[in-house]
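Taking it in order: structure first as structure tokens, then the write-up.
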Ligand code: FDM
Ligand code: MG
């Protein structure tokens, strides 16, 4: 049996228009250009999965959900992908997530849900090796254009989420100054990627 190095779980978090989706894709493309099949990109919500379809219909204002039901749907949507994430990492493939449980927690805290309650449903999911926290100044965010049409895409919600996200920072978080050009930010992301320690086993989210 050949022992191969495991993949890593990298999460991109930050506000809308911080460039996190663009950069998550760029990192995945870069890694695959170096070594085809070495990375997968996973966005949350993953709208193609059963719970993701419910979330998508909520965001597009087709259906209503209570705040707690919505929170659990977002969390269930991550559980829909849990085995895939663990399998890829075991196979040595990097998993790059565009949003993860930190969006789940920050958005629900911003709506006033209880912190202990909110955290429960993600306990046991794989814990990211690194969370890239995209920080964009309000001026630059404004220059990048208007808000989208979906629910949750308002300035008031964004400000509250920003505050909550700030409070979630932990030792596996790295700040990325997202005000720079796409190329500069891409290099900053690659540098953080290259410094990830993959000798320790993947862990799970705890209480
Ligand atoms: N969102 C995303 C949440 O409220 N909770 C979550 O757990 C996740 C993953 O969904 F407003 C919100 C954040 C955003 C909306 O996300 C749709 P995208 O990245 O715009 O598709
Ligand atoms: Mg959006």
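Every read-out reported here was derived from the displayed coordinates using simple, explicitly stated rules and does not represent laboratory data. All values derive from a computational prediction rather than experimental measurement. Neighbour counts run over all protein chains shown; Cβ positions are idealised from the backbone, glycine included.
Scanning the stretch 24-57 for residues being touching a strand residue (DSSP E or B) at 6+ places or on another chain (Cβ under 7 Å), within 12 Å of ligand 1 (Cβ to nearest atom) and outside any loop (DSSP other than H, G, I, E, B) gives a total of 3. Could you grab me the full set of residues in the stretch 149-162 that are in contact (Cβ under 8 Å) with a residue 24 or more places away in the chain and away from ligand 1 (no atom under 12 Å from the Cβ)? The one that is in contact (Cβ under 8 Å) with a residue 24 or more places away in the chain and away from ligand 1 (no atom under 12 Å from the Cβ): 162.
From the list 178, 188, the lone residue that is more than 11 Å from ligand 1 (Cβ to nearest atom) and under 30 Å from residue 87 (Cβ atoms) is 188.
Free of Cβ contacts under 8 Å to residues at least 12 places away in the same chain and away from ligand 2 (no atom under 16 Å from the Cβ), is that true of residue 28? No: the conditions fail for residue 28.
Taking the stretch 117-137 as the range and being within 13 Å of ligand 1 (Cβ to nearest atom), part of a loop (DSSP other than H, G, I, E, B) and free of Cβ contacts under 8 Å to residues at least 60 places away in the same chain as the test, only 121 passes. Among all residues of the stretch 129-152, there is at least one that is within 16 Å of ligand 2 (Cβ to nearest atom) and within 24 Å of residue 32 (Cβ to Cβ).
Which numbered condition trips up residue 86, out of (1) within 12 Å of ligand 1 (Cβ to nearest atom); (2) outside any strand (DSSP E or B); (3) under 15 Å from residue 205 (Cβ atoms)? All conditions are met except number (1).
What is the residue count in the stretch 90-116 for residues that are outside any loop (DSSP other than H, G, I, E, B), surrounded by fewer than 18 Cβ atoms within 10 Å (Cβ to Cβ) and touching a residue at least 24 places away in the same chain (Cβ under 8 Å)?
Narrowing the stretch 90-116 to residues outside any loop (DSSP other than H, G, I, E, B): 90, 94-98, 101-110, 115-116.
After this cut, where a residue has to be surrounded by fewer than 18 Cβ atoms within 10 Å (Cβ to Cβ) as well, the list is 90, 115-116.
Within this subset, residues satisfying the condition of being touching a residue at least 24 places away in the same chain (Cβ under 8 Å) are 90.
Selection size over the stretch 90-116: 1.
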